[in-house]
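Read-outs throughout are calculated quantities, based only on the coordinates presented, and are distinct from any laboratory measurement. The shown structure was predicted, so the numbers you read here are calculated from the model rather than taken from an experiment. Backbone-built Cβ (ideal geometry, glycine too); neighbour counts: all protein chains shown.
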Amino acid sequence: MNELLAVFRRELGGYFATPLAFIFIVIFLFTMGAFTFYLGAYYESDQADLTIFFSFHPWLYLFLIPAISMRLWAEERRSGSIELLLSLPVPLWAAVLGKFLAAWAFSGIALALTFPMWLTVNYLGDPDNGVVLAGYLGSFFMAGGYLAIGSCLSAVTRNQVIAFVVSVAVSFLFTVSGLPIVTDFFASWAPQQVLSTIASFSFLTHFEAITRGVIDLRDIVYFTTLIGAWLIACGIVVDMKKAG
Amino acid sequence: MIVIDGLTKQFGPFTAVDGISFSVAKGEVLGFLGPNGAGKSTTMKMVTGFLAPSAGTARVCGHDIVTSTLDAQRMIGYLPEGAPAYGDMTTRGFLKFIARVRRLSGAEADKAIGSAVEATELAGVLEQPIDTLSKGFRRRVGLAQAILHNPPVLIMDEPTDGLDPNQKFEVRKLIGRMAAEKAIVISTHILEEVDAICTRALIIDRGRIVADGTPAELMSRSRYHNAVSLTLGGRTTVETAEKLRSLAGIESIEVSPRGGETTFTLFPARSGEGDTMLVDAVARIAREENWQVRALYGEAGRLDEVFRRLTRPDAGGKEAA
């Protein structure tokens, strides 16, 4: 537990030791705002809720989260500090989880800084704040899902660019697996059961369910299971590299 | 304190470390020598738990590195090759992180950091990001990190690489101070270092141990062992060499002129006895012949020559100890 906390603190501090955190947060907030107000035509929609705001989250995360996760392991491998980390008495699970939780906390901070959106909508109208809270919670869990995927793929390579590109590609598949772009491919030949299983992997489906204000246990279970599975895979990859 | 037993590492079809076994006791400073790619770093990576061995194992203070990795790692201070660190952290932040991982906290941690900083003379750069430090300072941050928890076993991969002569001297002094209390393994390319700080040297080549002994023992395997070196100024002639050759017990002579001087290396017949007498005999001749003697000494042996002979591509490990 001590070791987990030490890794977590180091990693989270690492974001703020460089301009990375600042740049990321500024760009995250800027694009969130720009998308919501211009692309989403927030004012014209005349709705006092954050549905439009949240509807852009999966697409922004798709590119911004791999930018956080790409360095998690690839950077350690490139700089050689992984040799230090893995020869310290830190259990593998603590290293994997500590890094992930730090990245997750960081993305949570970025997400929390969108609170002016919440203030705006409360100023303009009378939204259901329970639904807004559910949306934030869903967004946070979804960010965790993207991060877990990126964390595992970052462990595969020492090249951050490769880690980024592959993470975006895999995250994309998970995002849209419920949309025609993926289901059409299977629809002609796969049985209905397979089809619905694939569709049920979609981030969009689960996220949209939560943003409607319905916190279904199944959606939470989906994201936590997904995070757990990718982190276990990450641990296995790191351990395999140890075996050479 | 370190027992290495049949340690083997294969990368695909390539065998980097081939069934190495040795042990290191408290108070020993083991110099781990070998050409690049001989398997030094790979061995150290396995002993410290960074790489999993393909076969064999190592025990550190009784803890098996394969089955109780964390317990073994707690006993070890490790300086990896190139002294990697988290470059975005300050020296102080980095050492605090290491202290936390090593389960030191509060006053205990402050004390540990304080003494490590003092030993490695890092006080001036505590608040600087490690990325901005010079190579010598970065190496010392790596050293401080390794000795922070006062480990009974210290493993250092090229601890003086990239340091200037003054810093090398300081690091050797530091290792010398800690030696009595710990089992220390250092890898190095610098053969003079072995003579300076190691109580024992181990040469490996292509993953196998080819020599194991005290530096003096290794030097005694040199063909220069007990040889006498005589440097003369002024003009020397063929007769000079002939005079020297006429001495009793001389097997061969090498002549190497350099500048205005000529160095004669006299190899005694391999009885090995009476080397001081040989120096005396040479001195006597030099006096009688009125040679301009610039230097005259008996050689203990040359480690670099032993090293080359044992690790040449065609050596084939024939002299395996």
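When only Cα pairs under 8 Å and 6 or more residues apart are kept, what is the percent relative contact order across the stretch B:90-143?
45
Tell me, B:LYS96, B:LYS40 in order of fewest to most beta-carbon neighbours within 10 Å?
The order, fewest Cβ neighbours first, is B:LYS96, B:LYS40.
Which shape class applies to the stretch A:102-244: rounded if a/c is under 1.5, otherwise prolate when a/b exceeds b/c and oblate if not, where a ≥ b ≥ c are the square roots of the Cα gyration tensor eigenvalues?
oblate
Just the isolated ones, please: cysteines in the protein assembly as shown lacking another cysteine beta carbon under 4.7 angstrom.
Within the protein assembly as shown, the cysteines lacking a partner Cβ under 4.7 Å are B:CYS61, B:CYS198.
Calculate one ³J(HN,Hα) per residue across the stretch B:292-307 by plugging θ = phi - 60° into the Karplus curve 6.51 cos²θ - 1.76 cosθ + 1.60, and present them in order as whole Hz with x for glycine and proline.
Each residue of the stretch B:292-307 in turn: 8, 7, 9, 7, 8, 7, x, 8, 7, x, 10, 4, 5, 6, 4, 4 Hz.
Among residues other than A:ILE210 whose Cβ falls under 13 Å from its Cβ, what is the net charge (Lys/Arg +1, Asp/Glu -1)? The partial results should precede the final answer.
On the way: positive: A:ARG212, A:ARG218; negative: A:GLU208, A:ASP216, A:ASP219.
For residues surrounding A:ILE210, the net value is -1.
Quote the relative contact order of the stretch A:74-159 in percent (integer), defining contacts as alpha-carbon pairs under 8 Å separated by 6+ residues. Display every interim value, and only then the final one.
On the way: 30 pairs, mean separation 52.4, N = 86.
It rounds to 61 percent for the stretch A:74-159.
Label points 7 Å out from Cα along the Cβ direction at B:GLU261 and B:ARG309: separation in nm?
2.5
Sort the protein assembly as shown into rounded, prolate or oblate with this rule: let a ≥ b ≥ c be the square roots of the eigenvalues of the Cα gyration tensor; rounded if a/c is under 1.5, and if a/c is not under 1.5, prolate when a/b is larger than b/c, oblate otherwise. Provide the component values of the computation, followed by the final result.
Numbers: a/c = 3.22, a/b = 2.73, b/c = 1.18.
Prolate, because a/c is 1.5 or more and a/b exceeds b/c.
Where the centroid of each part is defined by its Cα atoms, how far is the stretch B:251-268 from the stretch B:1-40 in Å?
Centre-to-centre (Cα) distance: 39 Å.
If amide H atoms are built 1.01 Å from N in the plane of the peptide, which residues on other chains or at least 5 residues away come under 5 Å of the amide H of B:ASP205?
Those lying under 5 Å, H to H, from B:ASP205 are B:VAL210.
Using modelled amide H (1.01 Å from N, peptide plane; none on Pro or chain starts), what sits under 5 Å from the amide H of B:VAL17, excluding residues fewer than 5 places away?
Answer set, sorted by chain and number: B:LYS9.
Relative to the longest principal Cα axis of chain B, at what angle does helix B:165-178 sit, 0 to 90 degrees, rounded to 10?
Compared with the principal axis, the helix lies near 70 degrees.
Of all DSSP beta bridges located in the protein assembly as shown, what percent are antiparallel, nearest 5? Walk me through the numbers before you get to the answer.
Working: 38 of 55 bridges.
Around 70 percent antiparallel, to the nearest 5.
For the stretch A:179-191, what does the Karplus curve 6.51 cos²θ - 1.76 cosθ + 1.60, with θ = phi - 60°, yield as ³J(HN,Hα) per residue in whole Hz, taken in order and with x for Gly and Pro?
The phi angles translate into 8, x, 3, 9, 5, 4, 4, 9, 4, 5, 10, 7, x Hz.
May I ask for the net charge around A:VAL161, where only other residues with Cβ less than 13 Å from the Cβ of A:VAL161 are counted and Lys, Arg are +1 while Asp, Glu are -1?
Cβ neighbours under 13 Å give a net charge of +2.
How high is the relative contact order of the stretch B:228-299, in percent, counting Cα pairs under 8 Å that sit 6 or more residues apart? Please report the intermediate quantities before stating the final value.
On the way: 102 pairs, mean separation 33.5, N = 72.
Computed value for the stretch B:228-299: 47 percent relative contact order.
Cα convex hull of the stretch A:145-208: how many Å³ per residue?
For the stretch A:145-208, the hull spanned by Cα atoms encloses 90 Å³ per residue.
Could you work out how far helix A:160-176 tilts from the main Cα principal axis of chain A, as a 0 to 90 degree angle to the nearest 10?
40
Work out from phi, with θ = phi - 60° and the Karplus expression 6.51 cos²θ - 1.76 cosθ + 1.60, the ³J(HN,Hα) of each residue of the stretch A:85-99, listed in order in whole Hz, and give x for Gly and Pro.
Residue by residue, the stretch A:85-99 yields 4, 7, 9, 7, x, 10, x, 4, 4, 5, 5, 5, 5, x, 5 Hz.
If neighbour count is taken as other Cβ atoms inside 10 Å, put A:TYR38, B:TYR224 in order from fewest to most.
A:TYR38, B:TYR224
Please order A:ASP49, B:ASP131, B:ASP304 by the number of other Cβ within 10 Å, starting at the fewest.
Neighbour counts put them in this order, fewest first: B:ASP304, B:ASP131, A:ASP49.
Using a/c under 1.5 as the rounded threshold, could you call the stretch A:2-242 rounded, prolate or oblate? The axes a ≥ b ≥ c are square roots of the C-alpha gyration tensor eigenvalues, and prolate needs a/b larger than b/c, oblate otherwise.
Note, shape of the stretch A:2-242 comes out oblate.
If you build the convex hull over the alpha carbons only and average its shadow over all orientations, what do you get for chain B? Give it in nm² to one decimal. Don't jump to the answer; show the numbers that get you there.
On the way: hull surface 79.9 nm².
Computed as one quarter of the Cα hull surface, the answer is 20.0 nm².
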